[in-house]
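Each remark here refers to the structure printed beneath this line.
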Amino acid sequence: MAVGLRLDGSGSRRLEGLGGASRVTSADVARESGVSRSTVSFVLNYVPKQTIPEATRQKVLAAAERLGYTPNGPTQALSRGRGSTVLLRLPDFPPSSIVAELDRGLASQGLMLVTHTAGPGRQPALSLAAPVAVPGLTPFDARQVVAFQARGARVVLPGPDDPPPPRDDAGRVVGAAQATHLAWRGTVRIGYVHPADPRLGPMSDRRHAGADETARRLGLPMVPSRRMPDDGDFTPILRSWPAQAPVTAIAAFNDDVALAILNAAWVLGVEVPSEPAVIGADDIAAARYACPPLTTIRGSNKPFGAMLAGWVLQRLDAGGVAPPSSDEPPVWTPDIVARASA
């Protein structure tokens, strides 16, 4: 059979024979890059104990891309001694930066992240292809751990014997930090605003409780709350709130809620931070461009998704039994980003 190279629409070269396109192999990549097949295997399979010069690694990767090389999953699994798919079980929450952080951390070691959202009416995660690791944002029980291990997962975390994931959900630190900052700036009565999305309700309740407990501890009145309307227009609530229960500052569940409050204040001609001050949480990119720029909360330690990726990789390297690193704090630590709104 005559075999040659052809350019596809993207400019990449692909092997072609009389019967049509032929699968590019590691031998083809070795010839293209001028290195041995074993070197190609070490590079493309991300073998951690092999020291390959960076220039050689880049040459192999460039050749693989030019030829349109696609790794063979079962072959890679045999070479590595494990598969390369990591299944992240997500609660039924709105999307967050955690997934992107985790994906970057795993991709750097040649692992592919697949997400599965748990919830009523959805296929069970066990129906998916067998992953090498299954991390979650909430703990797995013993039955779930055994079930995933039976499907080939080497790592399932956090399990019942693991510490809870290092995230704010376990505590009330965001609301406490918001109330502490507002009290420090002279606030005498704090209000709290929940998000419209009911899926965030439990997390928001904890943040509200943290703000309320902290306010009382500091000698301030209890913290009343309101809920953001489904259409995101907080104007009617802000207009009536002062008459019902006057507040001098508002702690919002997150920055998205806080920005809606700032917009309502602008519509009503209410001056922030004098009546009232507003503080958010998460420090999203738009917060600094709000009018006035939004005071908010952000984590002072490594992003949770990156921490979770490190935990997965650490356990894979240790055969699935290593505990979390001692230098990773188990609790999300808040920092105040002070701007003009509070």
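Before moving on, here are some points about what is shown:
- Probe 1.4 Å - accessible area at Arg298, Å² to nearest ten: 110 Å²
- Here segment 172-228 is assigned +1 on the Cβ of each Lys and Arg and -1 on the Cβ of each Asp and Glu. Its dipole about the Cα centre then comes out at about 60 debye.
- Principal axis analysis of the Cα atoms in segment 178-310 yields extents of 50, 33, 27 Å, listed in decreasing size.
- Length gained on full extension, Ser97 to Asp141: 13.3 nm, using 0.36 nm per residue less the C-alpha separation.
- Local electrostatic count at Arg339 - Lys and Arg +1, Asp and Glu -1, tallied over other residues with Cβ under 15 Å: -1
- Full extension of the chain between Val188 and Met112 yields a length gain of 22.3 nm, computed as 0.36 nm times the residue separation minus the alpha carbon distance.
- Residues Tyr289, Tyr192, sorted by accessible area with the largest first, give Tyr289, Tyr192 [1.4 Å probe; ligands and nucleic acids excluded].
- Count Lys and Arg as plus one, Asp and Glu as minus one, and take only other residues whose Cβ is under 14 Å from that of Tyr192; the net charge is then +4.
The values are calculated or read from the model by the stated rules, or taken from the named source; none is laboratory data. Here the structure is a predicted model, which is why all the values come from computation and not from measurement. In this analysis, Cβ positions are derived from the backbone assuming ideal geometry, glycine residues included, and neighbour counts consider all displayed protein chains. In case anyone asks, the SASA skips ligands and DNA or RNA and just uses the protein heavy atoms, side chains included. Shrake-Rupley method; radii C 1.70, N 1.55, O 1.52, S 1.80 Å.
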